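The values are calculated or read from the model by the stated rules, or taken from the named source; none is laboratory data. These numbers come from a predicted model, not from an experiment. A quick note on method: Cβ atoms are made from the backbone with ideal geometry, for glycine too, and the neighbour counts reach across all protein chains shown.
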Amino acid sequence: PELAREAGAGRVNRIVRALQLETEIRTDPGRRADRFVEDWQKLKRTSQRQYEAGDMSGYRSTRSAMSDMAKSLERDPQLESLLANHKKALGI
């Protein structure tokens, strides 16, 4: 939302940089792998908190998102290869 307000005001420098960064992440396999691990770990922490709080609906939803992430590796062999050494640590 903050970037949208800046764009509306004609200030596009941060938006251009954000788009450049996203392009770099999408095209650099190492950075994609890093992002995958970050996102996975964030979801894992969230699911653990939900479980401990007794939020079973939220827990199942988060675990489903993690399952979808793991399945997405089947469609991205390059990323799957980069993460091969990390799968056991991630619990995939």
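Brief remarks on what is shown
- Condition check for T46 on (1) surrounded by 14 or more Cβ atoms within 10 Å (Cβ to Cβ); (2) β-branched (V, I, T); (3) over 21 Å from A89 (Cβ atoms): one failure, at (3).
- Members of the range 30-51 that are under 11 Å from L83 (Cα atoms) and touching a Leu at 6+ places or on another chain (Cβ under 9 Å): G30, R32, A33, F36, V37
- For the range 1-39, a residue qualifies if it is under 12 Å from L79 (Cβ atoms) and among the hydrophobic types (A, V, I, L, M, F, W, C), and the qualifying residues are I25, A33, F36, V37.
Conditions (1) of a type in the set (S, T, Y); (2) modelled with pLDDT under 95; (3) out of contact with any Ser or Thr (no Cβ under 6 Å at 6 or more places or on another chain), marked per residue:
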| site | (1), (2), (3) |
| --- | --- |
| R5 | no, yes, yes |
| A9 | no, yes, yes |
| L19 | no, yes, yes |
| E24 | no, yes, yes |
| P29 | no, yes, yes |
| T46 | yes, no, no |
| G54 | no, no, yes |
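- Top-ranked residue in the range 4-26 [being of a type in the set (A, V, I, L, M, F, W, C) and surrounded by 11 or more Cβ atoms within 10 Å (Cβ to Cβ); ranked as nearest to the chain's Cα centre (by Cα)]: I25
For (1) of a type in the set (S, T, N, Q); (2) in a loop (DSSP other than H, G, I, E, B), each residue gets a yes or a no:
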{"site": "A7", "(1), (2)": "no, no"}
{"site": "R11", "(1), (2)": "no, yes"}
{"site": "R14", "(1), (2)": "no, no"}
{"site": "T23", "(1), (2)": "yes, no"}
{"site": "W40", "(1), (2)": "no, no"}
{"site": "T62", "(1), (2)": "yes, no"}
{"site": "M66", "(1), (2)": "no, no"}
{"site": "M69", "(1), (2)": "no, no"}
{"site": "E74", "(1), (2)": "no, no"}
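- Entry remark, the range 49-88: residues being within 20 Å of R31 (Cβ to Cβ) and touching a helix residue (DSSP H, G or I) at 6+ places or on another chain (Cβ under 9 Å) number 13 in total.
- Of all residues in the range 49-86, those being surrounded by fewer than 15 Cβ atoms within 10 Å (Cβ to Cβ) and either hydroxyl-bearing (S, T, Y) or touching a Pro at 6+ places or on another chain (Cβ under 8 Å) (or both) number 7.
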